[in-house]
1. Restricting to the range 180-235, name every residue that is surrounded by 18 or more Cβ atoms within 10 Å (Cβ to Cβ) and on the phi > 0 side of the Ramachandran plot.
2. Hey, residue 133 hits all of (1) out of contact with any helix residue (DSSP H, G or I) (no Cβ under 8 Å at 6 or more places or on another chain); (2) not in a loop (DSSP other than H, G, I, E, B) but one; which does it fall short on?
3. Only residues that are modelled with pLDDT of 95 or more and either more than 19 Å from residue 179 (Cβ to Cβ) or within 14 Å of the chain's Cα centre (by Cα) (or both): list them for the range 223-259, please.
4. Just the residues that are within 8 Å of the chain's Cα centre (by Cα) and either under 17 Å from residue 53 (Cβ atoms) or assigned to a helix (DSSP H, G or I) (or both), please, taken from the range 136-157.
5. Count, please, the residues in the range 158-176 that happen to be within 17 Å of the chain's Cα centre (by Cα) and assigned to a loop (DSSP other than H, G, I, E, B).
6. Go through (1) surrounded by fewer than 18 Cβ atoms within 10 Å (Cβ to Cβ); (2) free of Cβ contacts under 8 Å to residues at least 40 places away in the same chain for residue 113 and report which single condition fails.
7. Any residue at all in the range 67-86 that's farther than 27 Å from residue 218 by Cβ and surrounded by fewer than 23 Cβ atoms within 10 Å (Cβ to Cβ)?
8. Could you please tell me which pairs satisfy a Cβ distance under 7 Å, a separation of 6+ or placement on different chains, a first residue in the range 51-68 that is free of Cβ contacts under 8 Å to residues at least 40 places away in the same chain, and a second residue that is part of a strand (DSSP E or B)?
């Protein structure tokens, strides 16, 4: 069972808002869930070259829960310039709570930004990494604009009122390959009506999709690209300022995301 399968199982009974793609929370209509001018949905970079995400963790978690959550953070911060740091006085921060279900907002929304990691349902480090990547501005891998070259969506096998979760978007893919092993990829049976597959890789239908352990090498690569992590080995792939201005935009006219 991959990270997204665990998330969907935990969210089956979740009641906390309007989810998009199964675990991205919107405060209103899915078509206007998040709009951001320029790169305002990205967390700001400090003068020292790091991107600091202050966070607080609910006291409802026990020690093992905290270790699981912080491991999910460490799997990102150990290989990127993104650093999760305990909040002191910062105005914008992640508020990690043991609410119902596993979910996050997309990108930086400002103020106290809730990330829900239900215990025990969401207590896997890969699930924590998945939701942190949403908070960094990433949508699911199979939502990217070129996905039809790499997977077939079996619409007839999807629960009818969940088909909207398989919409693809205009995405900036950062000139990276499609990543079947991304921690952000749906599982093969996501939202299945009768137990049949809903996503089939191509040309090889037996390629495993998604995983539960944490960010894939390409996930890490894309974080470094998105946040211009110049100190990493990916410095030759730095994105331009113009590319940065296309991320995380959700609108009724043109939906542009980063995957």
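The values are calculated or read from the model by the stated rules, or taken from the named source; none is laboratory data. Just so we're clear, the structure is a prediction, and the values are computed from it rather than from any experiment. Cβ atoms come from the backbone with ideal geometry, glycine included; neighbour counts cover every protein chain shown.
1. Hits for the range 180-235 are 191, 210, 214, 228.
2. (1)
3. Selection gives 223 alone.
4. 136, 137, 138
5. So the count comes out to 6.
6. (1)
7. So the first thing to find is which residues in the range 67-86 are farther than 27 Å from residue 218 by Cβ, and the list is 86.
Those left that are additionally surrounded by fewer than 23 Cβ atoms within 10 Å (Cβ to Cβ): 86.
Yes: the range 67-86 contains one or more residues that are farther than 27 Å from residue 218 by Cβ and surrounded by fewer than 23 Cβ atoms within 10 Å (Cβ to Cβ).
8. Qualifying pairs under 7 Å: 52/83; 52/85; 57/96; 66/57.
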